[in-house]
Amino acid sequence: MSLRRVTGGEVVRTGFGIFARHEVRAGHVVVRLDRRTFERHRAALDRGEPVDITSEAGRTLWWASDGLYWEDEGLDAEAVGLLLWDRQRRHDARLDRLRKIRAAEEAVEGGRRARIPDEVRAFVWHRDDGRCVRCGSEGDLQFDHVIPVVKGGGVAAENIQVLCGDCNRRKSDSIV
Ligand SMILES: [Zn+2]
């Protein structure tokens, strides 16, 4: 791992007024920044460039817009910025995949909830006399949601009707 986030690392302000200074704290390593250095660093961060804070024992402490990082390959600011950008990009892609998986699972769950119970089917079949309620056909019959599930229709008997395939397709075509 060439780039490791500093857990608990922080950049804090100490002192007040003209005595205000900033400190970069990463475990036992504390680096004091005078005002001019701090402002130069802030400007670099605003441009999206990570800042080299200090080096010790073959590793470099970087301050990036989302935190502090130790890096031990002697990389320059551009390389560190690229690695962080790549990390963020993969993180975003992973979240995107997770959102899609969750949406797909919720759709399956919704489909299960929308399944018409057997007792409702039996009741509706009897009520509608085993025929299409629109044309009276007795062939290719289906149970139809009067108000579609995606529009909030439920699976109670009053929202279920018997339709033939042709009437069901015509109804679907007319629903925008
Ligand atoms: Zn019909």
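The values are calculated or read from the model by the stated rules, or taken from the named source; none is laboratory data. For clarity, every value in this text was computed on a predicted model and none was experimentally measured. Please note: Cβ atoms are built from the backbone with ideal geometry, for glycine as well, and neighbour counts cover all protein chains shown.
Just a few scattered comments:
- Screening Val51 against (1) surrounded by 12 or more Cβ atoms within 10 Å (Cβ to Cβ); (2) farther than 21 Å from Gly81 by Cβ leaves a single unmet condition, (2).
- Checking each residue in region 121-146 for being in contact with a helix residue (DSSP H, G or I) (Cβ under 6 Å, 6 or more places away or on another chain), assigned to a loop (DSSP other than H, G, I, E, B) and more than 10 Å from the ligand (Cβ to nearest atom) picks out only Val146.
- Qualifying residues in region 1-49 (those that are without any contact (Cβ under 8 Å) to a residue 40 or more places away in the chain and of a type in the set (Val, Ile, Thr)) - the one farthest from Gly67 (Cα to Cα): Ile18
- Positions within region 155-174 being away from the ligand (no atom under 16 Å from the Cβ) and in contact with a Lys or Arg (Cβ under 9 Å, 6 or more places away or on another chain), in sequence order: Val155, Ala157
- Under the condition of being modelled with pLDDT of 90 or more and of a type in the set (Val, Ile, Thr), the residues counted in region 8-23 number 2.
- Candidates Leu98, Leu61, Leu83 - the one that is under 30 Å from Val149 (Cβ atoms) and of a type in the set (A, V, I, L, M, F, W, C): Leu98
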